[in-house]
Amino acid sequence: MNLEYKVEGGDFTSAGLASSQIKKILKQLNVDPAVIKRVVIALYEAEVNIVAHAYRGVIKAQIDGGGINLTLEDEGPGIPDVEMAMTPGFSTASKAVREMGFGAGMGLPNISENADDFKIDTIVGQGTTLRIGIKFR
Amino acid sequence: MNLGDLCNLVEGTAVCGTGRLGDSVEYAFASDLMSDVLTIKSTDFILITGLANIQSLRTLEMSDASYMLLCRGKEVTPEMLELAEENDILIITSPYSLFRCAGILFSAGLKPLY
Ligand SMILES: Nc1ncnc2c1ncn2[C@@H]1O[C@H](COP(=O)(O)OP(=O)(O)OP(=O)(O)O)[C@@H](O)[C@H]1O
Ligand SMILES: [Mg+2]
């Protein structure tokens with residue numbers, strides 16, 4: 001199964017819609033709830049990062065019997081220092097983003113914690129692509 | 001702790017998901033930063049927060065958690081209500097501050113996660 005969702009930068013009202021829909025689909029597929037929680041937390045953090053830090057993006061989800069592969073590709077500023085961005089507590093979130101409840105600098109470390117495979121490709125001034133893989137068992 | 005008792009302790013009002021007032025919860029986590037909440041592995045907790053927006057409910061949805069205590073008399077928006085109802089989430093609002101709510105509930109035996 002292949003799914004695709006668009007995400008708009010700055011749109012905190014819709015942030016999480018894609019994650020919510022994928023959660024419903026995984027439930028229907030009877031995936032273990034503990035695995036679903038790992039998938040949707042990683043996905044939601046990545047989705048909110050597009051909303052909080054980039055201009056726009058596309059989420060692609062590929063689901064088969066063995067697991068789920070998520071690709072989140074955004075047009076945005078990119079990440080100048082990925083290692084620093086991955087450090088718990090590091091955040092460049094604006095005041096507006098913090099008022100929405102984000103900016104703890106926990107998102108990327110939390111994605112890494114929940115994913116079986118996690119890869120970041122980023123070009124400064126162009127955008128960022130996250131690849132997240134989670135096996136169902 | 002029984003959620004109905006919890007509601008009384010903080011002079012709270014249950015604004016939706018009232019069918020869950022008979023449930024019990026063992027742990028609580030207080031934060032306005034949702035990524036901090038999203039590190040919690042368990043699902044048996046109540047989120048104590050001052051963040052009155054749709055993302056606090058999305059965070060509970062993704063966490064498979066069902067209870068929120070919204071402090072300092074913050075208003076629940078129609079969008080929040082809709083999402084809470086869709087996910088059968090109990091929202092209790094309290095006029096007390098986050099510090100006061102946390103203090104009362106900790107003293108009454110609600111456990112911290114960390
Ligand atoms: N898609 C992205 N585009 C550009 N920069 C990003 C992107 N994702 C993350 N970053 C950068 O990496 C930093 C760390 O990201 P991380 O998700 O860990 O924390 P945060 O988003 O700042 O706060 P939190 O996720 O805890 O709410 C961000 O503050 C930002 O500088
Ligand atoms: Mg983030």
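The values are calculated or read from the model by the stated rules, or taken from the named source; none is laboratory data. It should be emphasised that the depicted structure is a prediction, and the values quoted were computed from it without experimental measurement. All Cβ positions, glycine included, derive from the backbone under ideal geometry; neighbour counts span all protein chains shown. For accessibility, only protein heavy atoms count, side chains too; no ligands or nucleic acids. Shrake-Rupley method; radii C 1.70, N 1.55, O 1.52, S 1.80 Å.
Partner shielding of B:38-46 amounts to 4, given as the average count of beta-carbon atoms from other chains within 10 Å of each residue beta-carbon. Our summary gives chain B a relative contact order of 34 percent, counting only alpha carbon pairs under 8 angstrom and 6 or more residues apart.
Under 8 Å for C-alpha pairs, at least 6 residues apart: give me the relative contact order for chain A, rounded to a whole percent. Write down the numbers at each step before the final one.
Details: 263 pairs, mean separation 38.6, N = 137.
Computed over chain A, the figure is 28 percent.
Ellipticity at 222 nm from helices only: DSSP H runs of n ≥ 4 in chain B, each -39500 (n - 2.57), divided by the residue count, give -9500 deg cm²/dmol.
Annotation: lysines with alpha-carbon distance below 17 angstrom to A:K6 (same-chain offsets under eight excluded): A:K23, A:K60.
Each label point was placed 7 Å from the Cα along the Cα-to-Cβ direction; for B:F106 and A:M1 their separation is 4.3 nm. Put simply, chains A and B cover up around 1900 Å² of each other's accessible surface, both sides summed, when a 1.4 Å probe is used. The order of the peptides B:61-72, B:81-92, A:19-30 by mean Cβ neighbours within 10 Å, most packed first, is B:61-72, B:81-92, A:19-30.
Could you look at chain A and say what percent of its accessible area is carbon and sulfur, using a 1.4 Å probe and all protein chains? Accessible surface attributable to carbon and sulfur in chain A totals 51 percent.
So which of A:K27/A:K119; A:K135/B:K111; A:K119/B:K111; B:K74/B:K111 end up more than 28 Å apart by C-alpha? Intermediate results must be reported in sequence, preceding the final value.
Working: A:K27/A:K119 26 Å; A:K135/B:K111 33 Å; A:K119/B:K111 36 Å; B:K74/B:K111 24 Å.
Correct reply: A:K135/B:K111; A:K119/B:K111.
When Rg and the Kirkwood radius Rh are both evaluated on Cα atoms of chain A, their ratio Rg/Rh stands at 0.95. Compared with the dominant principal axis of the Cα atoms in chain A, helix A:17-28 is inclined by about 20°.
Just order B:94-106, B:39-51 by mean Cβ neighbour count inside 10 Å, highest at the front, would you?
On the way: B:94-106: 17.2, B:39-51: 19.8.
Ranking, from highest mean packing down: B:39-51, B:94-106.
The modelled label-to-label distance for the pair B:T18/A:T13, using points 7 Å beyond Cα in the direction of Cβ, is 2.9 nm.
In the protein assembly as shown, the C-alpha radius of gyration followed by the widest Cα-Cα span (Dmax) gives 18.0, 53 angstrom. Of all aspartates and glutamates in the structure, those lying under 18 Å Cα to Cα from A:K37, and not within fewer than 8 positions of it along the same chain, are A:E45, A:E47, A:D64, A:E113, A:D116, A:D117, B:D36, B:D44, B:E61, B:D64, B:E86, B:D88. When only alpha carbons are used to place a centre, the range A:80-132 and the range B:1-64 end up 26 Å from one another. Listed by chain and number, the aspartates and glutamates whose C-alpha is less than 16 Å from the C-alpha of A:K95, apart from same-chain residues fewer than 8 away, are A:D11, B:D32.
By its C-alpha gyration tensor, with a ≥ b ≥ c as the square roots of the eigenvalues, how is the range B:43-106 shaped: rounded for a/c under 1.5, else prolate for a/b larger than b/c, else oblate? Don't skip to the end; give the middle numbers.
Numbers: a/c = 2.31, a/b = 1.37, b/c = 1.69.
Oblate, since a/c reaches 1.5 and b/c is not below a/b.
Within 10 Å of the Cβ of each residue in A:14-26, the mean number of Cβ atoms contributed by other protein chains is 2.
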